[in-house]
């Protein structure tokens, strides 16, 4: 069977059924759609307009929040990043004393492809860890991010550890880095990077504080030189740097870690 549509002045367009067609009914959508859209089916003959290419959605906050796929989504690739840890603070003891607190670690990363859209979804975005108050105080750990399907289960990216504070020292001291967050449950699970350590030798800074970064979103922070508060993380899941001081009776605070993120790529 052939359906022929003649042009208003010349030519025609034909639609042919298969030789052994069976009985099929296709219901066309209302309207013309928009530029770049494509025609999709629900498998029961009902056609609808859908985006012609994947769309990406970012979620930067939420605890147990509901995610609803865009109409026509056939599969989603979900990436979760944990929050970065906060940097530690320092307690200045005066001339001849130095202190350099530990920076926060980067958040972990977990990714998963989900093809079953006949389920409900929730997500949580981990907050960045708080930077330590001025003085010998520790920064807090970053929060965990997760994505849960009622059928497909949960994958999680944990936050980076907070950095330890430090009191002034006039001798030899070593401060190592804070651990990055772990991840689980995904097709791909990556640790966040540890923060950079530094040594203090004879009351002199031997290396500079560097925060941890989250995989794929990267971007660790570096503390400025001198007597200073820590620097807050900027990119998703980056840790905050630790404070540092030399020869002053002043306390400095640590930098806050950056919040994590849930990034969802929708395929139609």
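Worth pointing out:
- Some residue of the stretch 58-76 being within 30 Å of residue 245 (Cα to Cα) and out of contact with any strand residue (DSSP E or B) (no Cβ under 6 Å at 6 or more places or on another chain): no
- Answer from 199, 171, 177 - the residue that is modelled with pLDDT under 95 and not in a loop (DSSP other than H, G, I, E, B): 199
- Residue list for the stretch 141-167, filter: farther than 26 Å from residue 114 by Cα and surrounded by fewer than 24 Cβ atoms within 10 Å (Cβ to Cβ): 164, 167
- The residues in the stretch 24-48 that are assigned to a strand (DSSP E or B) and over 30 Å from residue 80 (Cβ atoms) can be counted, and the count is 5.
Condition check ((1) within 15 Å of residue 257 (Cα to Cα); (2) surrounded by fewer than 20 Cβ atoms within 10 Å (Cβ to Cβ); (3) in the same structural domain as residue 253 (by TED's automatic domain parsing)) across all residues:
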| residue | (1), (2), (3) |
| --- | --- |
| 71 | no, yes, yes |
| 81 | yes, no, yes |
| 84 | yes, no, yes |
| 87 | yes, no, yes |
| 121 | no, no, yes |
| 128 | yes, no, yes |
| 133 | yes, yes, yes |
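- Among residues of the stretch 230-268, those that are over 17 Å from residue 90 (Cβ atoms) and buried (at least 24 other Cβ atoms within 10 Å of the Cβ), counted: 10
- Selected residue (only one of 50, 17 is surrounded by 10 or more Cβ atoms within 10 Å (Cβ to Cβ) and over 48 Å from the mean Cα position of the chain (by Cα)): 17
The values are calculated or read from the model by the stated rules, or taken from the named source; none is laboratory data. Quantities reported herein were computed from a predicted structural model and do not represent experimental measurements. Using ideal geometry, Cβ is built from the backbone for each residue, glycine included, and neighbour counts are taken over all protein chains shown.
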